[in-house]
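Below is one structure, written out as structure tokens; comments come after it.
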Amino acid sequence: MSKKKIPGLLILAVAAVGLGGTYFALASTNDPARTGVLFAMGNGETVESISLTNTYGSYEFTKEDDEWIVHSDGDFRTNPEKMDLLVSSLEEVPVTRVLEETAPEYGLDDPVAQVSFTTSKGKTHSFMVGNETASRSSVYIMDPENGKPMLTTDAAVAQLTGSLSAYRAKDVLTVDTTAIQQIRYYENGELILEVGNTDYQNWFLTQPYEAPARRVVLTELVNKMAGWTVAGYPEGEDAAAMGLDNPARVLEVTDAAGNTQRVEFGRDDGTNVYARTAGTDEVVKLYSVDCDFSGLTPEQVMFVSPLTTTVDQLSSISVTVGGKAVSFFLENQDGEMVVTSSEGDEVKYSDFISVLSKFMGHNADGYDPQHSIDPGEEPAALLQMETLDGQVTQLELYQRDEETLAMLVDGHTRYHLPVSDLEELIYRINSALGRTVLTLG
């Protein structure tokens with residue numbers, strides 16, 4: 001390297017150091033008139049806690065396991081979207097102009113909002129928000145340490161003037177509603193039922209007894225829960241007034257990750273119901289129509305349906321009552337389904353469908369594990385179907401009492417159904433045949 005070039009390089013190096021020093025000096029003094037921002041945040045520096053007072057109240061925001069919590073006469077989960085906007089607005093507050101003196105019309109003597117926050121580097125910053133300018137294009141702010149009024153954009157301080165409801169979480173469930181695997185439902189402290197699934201589709205009842213469960217009922221319940229909307233927040237009401245000191249109904253929901261959430265339901269005024277969704281203070285109002293659990297009984301959720309198939313897979317059905325059997329046979333003739341009976345009748349397809357719907361509708365209505373069949377006891381009825389692949393399924397019905405029939409399923413008579421189901425099936429068979437062929441008792 002030429003010795004003549006060394007002085008020039010030294011000059012450039014000194015200039016670069018000088019410029020860098022000037023930059024850091026400006027940044028360290030944090031002069032808004034020069035930086036264009038109220039506070040200069042360092043690289044990687046984040047907001048860790050916030051204290052805010054505005055016309056609606058006072059709020060403290062803290063992080064717990066990277067989740068923001070707002071404290072204001074209680075501890076509440078926050079709305080993530082709202083908090084992202086709030087934190088972003090504090091990280092860079094633009095200053096469009098620095099004024100030399102304050103004036104009453106700036107509104108800084110009685111500010112609209114006052115905020116202070118701490119950062120991950122242990123720094124604390126604060127400022128107050130005053131009135132809008134006459135043109136409504138800017139807002140007056142002031143950092144007490146600086147002591148000079150300044151102007152910022154109205155968007156920069158828009159997140160500082162909300163009420164508690166604006167900062168609170170809007171979602172009701174914190175579990176993953178797309179992967180619910182277990183639901184427990186209680187009334188007055190008593191477990192009414194427990195259901196689960198392994199694939200989010202095929203549900204089963206596990207308490208108070210084990211049985212298949214109605215997929216449509218549980219799917220509808222999960223969809224309702226996923227769509228729960230906060231209708232409002234209680235104001236100054238204690239737990240007793242809200243019916244939450246001893247909640248009448250409770251749902252416990254567990255997702256695939258093992259997260260469980262307990263939701264307690266209190267007083268229902270017919271339009272809204274109070275619900276505690278998490279901690280003691282996490283109480284919201286939900287719409288009553290969305291929280292109707294009248295269908296959550298074991299009898300209504302249970303779905304024991306031995307005679308289930310599709311018409312296109314069906315070959316025949318038969319019903320035997322009092323030693324008399326009637327069968328219906330299906331045959332596809334040139335794309336048209338033709339139905340004949342063992343009585344020699346050709347049966348209208350629509351009449352057969354009426355019979356078939358009741359035939360396959362012999363579903364369990366109740367559970368009784370104590371019932372047993374006496375040796376040699378004859379069934380009150382035998383229902384049998386055969387599919388095109390030759391598979392035969394049958395259901396034996398035994399008199400349980402005057403109003404119910406025990407169902408023999410998989411060698412057990414744990415379930416029962418109303419006698420009226422069989423009576424209606426016999427009526428439809430006789431109607432399809434145009435005469436009385438089967439009679440019960």
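The values are calculated or read from the model by the stated rules, or taken from the named source; none is laboratory data. This structure is a prediction, so every number in the text was calculated from the model and none was measured. Cβ: placed from backbone, ideal geometry, glycine included. Neighbour counts: every protein chain shown. Each accessible area value is taken on the protein alone, full model and side chains, heavy atoms only, with ligands, DNA and RNA left out. Shrake-Rupley method; radii C 1.70, N 1.55, O 1.52, S 1.80 Å.
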From the option list S49, S72, S88, single residue qualifying as of a type in the set (S, T, Y), over 19 Å from A156 (Cβ atoms) and surrounded by fewer than 16 Cβ atoms within 10 Å (Cβ to Cβ) is S49
In the stretch 35-59, anything without any contact (Cβ under 8 Å) to a residue 40 or more places away in the chain and within 16 Å of M128 (Cα to Cα) is listed as S58
Of the residues in the stretch 152-180 that are more than 30 Å from K224 (Cβ to Cβ) and open to solvent by 20 Å² or more (accessible area, probe 1.4 Å), the one that is farthest from the chain's Cα centre (by Cα) is T153
Expected output for the stretch 252-272 (first residue more than 21 Å from L191 (Cβ to Cβ), partner open to solvent by 30 Å² or more (accessible area, probe 1.4 Å), Cβ below 6 Å, 6+ apart or cross-chain) is A256/Q181; N272/A231; N272/K285
Can you spot a residue in the stretch 209-216 that is in contact with a strand residue (DSSP E or B) (Cβ under 8 Å, 6 or more places away or on another chain), assigned to a loop (DSSP other than H, G, I, E, B) and more than 30 Å from V409 (Cα to Cα)? no
Checked V311, V301, V289 against criteria (more than 30 Å from V70 (Cα to Cα) and open to solvent by 20 Å² or more (accessible area, probe 1.4 Å)); the one match is V311
Turns out the strands (runs of 3 or more DSSP E) fully within the stretch 354-441 with at least 2 residues that are under 25 Å from L193 (Cα atoms) and either in contact with a Ser or Thr (Cβ under 9 Å, 6 or more places away or on another chain) or open to solvent by 60 Å² or more (accessible area, probe 1.4 Å) (or both) are 404-409, 412-418
Checked R262, R276 against criteria (loosely packed, with under 15 Cβ neighbours inside 10 Å and among the charged types (D, E, K, R)); the one match is R262
Residue pairs within 8 Å by beta carbon, gap of at least six or interchain, first lying in the stretch 281-303 and under 14 Å from G366 (Cα atoms) and assigned to a strand (DSSP E or B), second open to solvent by less than 40 Å² (accessible area, probe 1.4 Å) and of a type in the set (A, V, I, L, M, F, W, C), listed first then second, are M302/L205; M302/A211; M302/A213; M302/A364
Would you confirm whether any residue within the stretch 88-106 is under 23 Å from E132 (Cβ atoms), part of a helix (DSSP H, G or I) and basic (K, R)?
-> no
